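Notes follow once the structure below has been shown.
What follows draws every value from the coordinates through simple rules; no lab data is involved. These figures come from a predicted structure and were not determined experimentally. Methodologically, a virtual Cβ is constructed for each residue, glycine included, from the backbone with ideal geometry; neighbour enumeration extends over all protein chains shown.
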Amino acid sequence: MTPAEHGPDLTFHHLGVACYEIQAELASWLVLGYRPEAEPFADPAQGIRGLFLSGGGPRIELLEALPGSSVLEPWLRGGTKIYHHCYETYDLEGESQRLRGFGAAVAKPAIPAAAFGGRRVSFLMLPAKYLIELLESETISAGQARG
Amino acid sequence: MIGAADEVRLKQVLAEIFELDPSTIDGTTSSDKVERWDSLQHISMIVSVEQEFGVRFSEEEMSELLSFERLRLALASKLTQ
């Protein structure tokens, strides 16, 4: 059965929001009813610090650059705050290939992510210029860890 | 090498992404000389070039296409395959 017949293996996970400072941004989400899910995390491999929020809408990931990192600068300079959509998938490579076939380009190949206990993430830009994060499903990651 | 018409199309793509006058794009145009040519706009440009010419660049190729000259050569290689 093709993805067109049963739908893609993608489950929405969160929206990524670029910030200069998470703490400064947080108040605006608190007033909307959002609350932090845990303490902020740092991911030196991606050059970011992040904080997940839950509330009345989609899960939000606030992100700020670690010192010396410019990874968020292009988005912040362009005034774009909500800059990526993250989807969880059981088949990171397969979904990445499917999106490549649709014309997406790989912005960042798969790497383990601190925010997800080492589960891999990758980023692709769709032809419409949306940045998509693919997050490897927990079940698959656990299976790989067991070897 | 790519033909003159394809070169015009390639310059037009770069001009739109990087907000340049197409007539100023030449062999010296590169990421270190164009202010808007950052990591985000680079990926955006790659997506647009792939769409415009119906080609695909590998991740390794993408990381090396940091000038108009390299793009032109890579495109020539793809279009003659």
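To keep it simple, each residue is scored yes or no on (1) touching a helix residue (DSSP H, G or I) at 6+ places or on another chain (Cβ under 8 Å); (2) of a type outside the set (A, V, I, L, M, F, W, C).
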residue	(1), (2)
A:Gly16	no, yes
A:Ile22	no, no
A:Glu25	no, yes
A:Trp29	no, no
A:Gly33	no, yes
A:Ala38	no, no
A:Asp43	yes, yes
A:Gly50	yes, yes
A:Leu53	yes, no
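Here's the yes/no breakdown for (1) of a type in the set (A, V, I, L, M, F, W, C); (2) touching a residue at least 12 places away in the same chain (Cβ under 8 Å):
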| position | (1), (2) |
| --- | --- |
| A:Phe12 | yes, yes |
| A:Gly16 | no, yes |
| A:Leu32 | yes, yes |
| A:Asp43 | no, yes |
| A:Leu63 | yes, yes |
| A:Gly79 | no, no |
message: Testing A:Phe12 on (1) assigned to a loop (DSSP other than H, G, I, E, B); (2) away from every other protein chain (no Cβ under 14 Å); (3) not charged (D, E, K, R), one condition comes back false. Which one is that?
response: (1)
field: Condition met for A:Ala105 (touching a strand residue (DSSP E or B) at 6+ places or on another chain (Cβ under 7 Å) and in contact (Cβ under 8 Å) with a residue 60 or more places away in the chain)
entry: no
task: Write out, first by first residue and then by second, each pair whose Cβ atoms fall under 8 Å of each other, whose residues are 6+ apart or on separate chains, and whose first residue, in the range B:1-22, is surrounded by fewer than 16 Cβ atoms within 10 Å (Cβ to Cβ) while the second is outside any loop (DSSP other than H, G, I, E, B) and among the basic types (Lys, Arg).
output: B:Met1/B:Arg72; B:Pro22/B:Lys11
field: Subset of the range B:41-68 [of a type outside the set (S, T, N, Q) and touching a strand residue (DSSP E or B) at 6+ places or on another chain (Cβ under 8 Å)]
entry: B:Ile43, B:Ile46, B:Val47, B:Glu50, B:Phe57, B:Glu59, B:Met62, B:Leu66, B:Phe68
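Kindly evaluate B:Glu52 against the criterion of being within 14 Å of chain A (Cβ to nearest Cβ), among the charged types (D, E, K, R), more than 11 Å from the chain's Cα centre (by Cα) and under 23 Å from A:Gly101 (Cβ atoms).
Judged against the criteria, B:Glu52 is not a match.
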field: Sole exception among (1) within 14 Å of chain A (Cβ to nearest Cβ); (2) over 22 Å from A:Ser70 (Cβ atoms) for B:Met45, by number
entry: (2)
message: So, in the range B:63-81, exactly how many residues are within 14 Å of chain A (Cβ to nearest Cβ) and surrounded by 19 or more Cβ atoms within 10 Å (Cβ to Cβ)?
response: 2
